[in-house]
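Inspection log for the structure reproduced underneath, given as structure tokens.
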Amino acid sequence: MSDKRHHDHLLTAAECAERLGLTVRALRVYEDRGLISPRRTAKNWRLYGGAEIARLTEILALKRLGLSLTRITILLAGTAPDLGQTLTVQQSALVDLRDRVEHSLSLIGAALKKIANGNTVSVGELITLAKETGMTDLSPDTVAWQRYEQARPRKEIGFDPERHGALVGDFQLDGGDVLSITRRDGGLMAQLTGQRAVEIYPEADDAFFYRIVPAQLTFTRDEEGRAESVVLHQGGYEQAARRIDETRARTLVEDLERRVRDKIPLPNSEFLLRRVLAEHQIGAPDYDAMTPQLAALVRELAPAISHEVCRLGTLQALVFKGVLQEGSDVYDVRFDKGTLECGLSLAPDGKISSIYFRPAL
């Protein structure tokens, strides 16, 4: 009898998801993160009881505060370095978002007032308005959804040599890398700076996908049907690229090859890396100095990075090692309790476009 009463209080995954307004997939994600541990039936069906419901309620409450899933995982594991600091960062992000929204509304209001007074809004003003009011959503939930969308199965359509051939060309990503689209027998190839060319496959007139990684390319054409821009969808993020001429693309590639061959660092990479390390030691990364995609990623990983950098102790020296094929300057960073290998690259506007930390070999 006691066993029956026990099972009367257990919910299936579908029942639990419906009661809490979640999806079954979300329950699996939380389980993979170690946040919940549902019981299993003899047939391996998941069952959710009071403990799991309570933990899921905590997760939802923290998500409403705007905390990322990574930070929630750390917090509920009892290892958060400073909840006050986490909330302060979130507060700063929300204040920044509010300020950008207010600024965008003021620009739109001014344009509407001008139109109401019988005046025209110039093309230049429209371009400025579009740039200033662009609100790219890089929230953790959006990134997670985009990552899920990018990973779904794709269906290849027939290759059209004329239609798809107009996509061939060179494009420069916001981060500075060159994406080259070339022809192959029965299709197209895509090659990013410092990487080998790989096949891409059409799923629509202006959309292609990779098979070796969950990533896609979507193109925008000009009035003549030639691709003028492309967006790379990968890892939950989107990177835009504008067409550049072949001479410009060749110059960028040759400059990088020279830096790699002759081991020439970027003029200020050591200074920037020292600054990044110092910011992580005090738990205050400068997200404005990063590209939006990198800033979103670092927000997710900042607690773990700060923990590792602080664990290694006082910075002793930076030793330049060389330049990777994709353009990152690489350093051995020596602390009094260990050494990290760190890489850093810059976008054309001078913002940090990529950075990595790993134990030195």
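Readers should treat all values here as calculations from the given coordinates under stated rules, not as data from a laboratory. Given the structure is predicted, the values throughout are model-derived calculations rather than measurements.
Computed over the Cα atoms of region 2-64, what is the convex hull's projected area averaged over all directions, in nm²?
4.4 nm²
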Kirkwood calc, region 139-215, C-alpha pairs only, radius in angstrom 13.6 Å
Once the in-chain neighbours fewer than 8 apart are removed, the aspartates and glutamates whose Cα is under 12 Å from residue 321 read 262, 270, 329, 332, 341
Shape call for region 263-359, from the Cα gyration tensor axes a ≥ b ≥ c (a/c under 1.5 means rounded, otherwise prolate when a/b beats b/c, else oblate), comes out oblate
For residue 351, the aspartates and glutamates lying under 13 Å Cα to Cα, once residues fewer than eight places off in the same chain are dropped, come out as 174, 286, 288
